[in-house]
1. Go through region 30-65 and report how many residues are surrounded by fewer than 20 Cβ atoms within 10 Å (Cβ to Cβ) and not in a helix (DSSP H, G or I).
2. Pick out the one residue from 253, 233 that is over 24 Å from residue 103 (Cβ atoms), out of contact with any Ser or Thr (no Cβ under 8 Å at 6 or more places or on another chain) and outside the structural domain of residue 53 (by TED's automatic domain parsing).
3. I'd like the residue in region 189-227 that is over 25 Å from residue 62 (Cα atoms) and of a type in the set (D, E, K, R) and, out of all such residues, is modelled with the highest pLDDT.
4. Would it be correct to say that residue 272 is at pLDDT 85 or above, part of a helix (DSSP H, G or I) and surrounded by 16 or more Cβ atoms within 10 Å (Cβ to Cβ)?
5. Could you list, in sequence order, all residues of region 35-54 that are of a type outside the set (A, V, I, L, M) and more than 15 Å from the chain's Cα centre (by Cα)?
6. Can residue 244 be described as out of contact with any Cys (no Cβ under 6 Å at 6 or more places or on another chain) and within 25 Å of residue 48 (Cα to Cα)?
Amino acid sequence: MTSTEEPDETAAATPAAVPRVPRFGAGASGLVSLLLVAGVLVVPLFGLLIAPLGLVPVLHFQSGGSPGIRAWGWIAALLAVGAVIGLGPFPLALLAAYGLIVVIPALSVELWAKLGLSEGRWIAIAVFAGVAVVLAGVAAVTMPAGPVEGVSAAMRSAATDAKQMYGAMGFAEGDIELAFDASERVVPWVLPSVITAYLITLLFWIRPRIPVLGYHVQVSSFEDYRGDEWLAAVFALSGLGALFLSGSLRWVALNLLIAVLLLYFVQGLAMIRAHLARWVGRGWFVRWGVALICIYPPMPILVTTLGVADSFFPLRPTASDDGGNP
């Protein structure tokens, strides 16, 4: 996804240089965040763009020294109560979206600021916490069936109406059947990874803005980003699990593997950006041009491979390289 790269002027900002932004109280921060995140369910496509803004008031509130749970805790509790007493699927779906978009990132940033973690470790902690929550949520919703079987059954149930709709639009019935058969073989296995990709995009979107929100953490430019060293261990273990396990355990391992590969893809983008910044500059056309080119197959595989290689053998430019400065 393309929003992992942000202006370097913002990324290089330090707490001493950023402007002071008015801070909401706990109640107002939580309410504003809830209204913005609710856009995911109310206006699904546009809501995906505005929902990340719900993280901003909560992060800004807790940057003042107050625990973030004061802002998001009462929201999560109300949504959980609504789901338990049977107010329909909306409170549960909104709780899942709110936890992924606001609670997990806010907790991870709070942990980053308190423990002085590296950027790569902060990102890894937030991503794998999100993966764990998503996997647990899908497994809980599909019980007593397994997660893969449960998602497949839900897709088959929804396919009947979808086939009628596409048939009315003039699509051939055979083509519709082939498309649904192909998606049914893949989607149940990788559905959590689609949500993980959204979370990673959100984290890299908020990353250069964290100093502006009042946190005393060092945020480097995007081309300096490196993944946590523990990613290699997760990559090896999840890869072996995806190859040799079966059933639900293979589903867990496969989605962990995809999460690691997504992070390596971002690292590959950062490495490419580091080289292009020396020769082309850091304009918007560099950021968006590289990102758009790299999402077309087979470029994602190549960029991910470069990200993996960069973790073991530094591929970034150095000051001694001819032709420019790093």
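1. Total meeting the criteria: 4.
2. Going through 253, 233 in turn, just one is over 24 Å from residue 103 (Cβ atoms), out of contact with any Ser or Thr (no Cβ under 8 Å at 6 or more places or on another chain) and outside the structural domain of residue 53 (by TED's automatic domain parsing): 233.
3. The residue in question is 226.
4. For residue 272, the condition - at pLDDT 85 or above, part of a helix (DSSP H, G or I) and surrounded by 16 or more Cβ atoms within 10 Å (Cβ to Cβ) - is met.
5. Those that are of a type outside the set (A, V, I, L, M) and more than 15 Å from the chain's Cα centre (by Cα): 39, 44, 46, 47.
6. Working: out of contact with any Cys (no Cβ under 6 Å at 6 or more places or on another chain): yes; within 25 Å of residue 48 (Cα to Cα): no.
Here the answer is no, as residue 244 does not meet what is asked.
The values are calculated or read from the model by the stated rules, or taken from the named source; none is laboratory data. In this text, all values refer to a predicted model and were calculated from it rather than measured experimentally. A quick note on method: Cβ atoms are made from the backbone with ideal geometry, for glycine too, and the neighbour counts reach across all protein chains shown.
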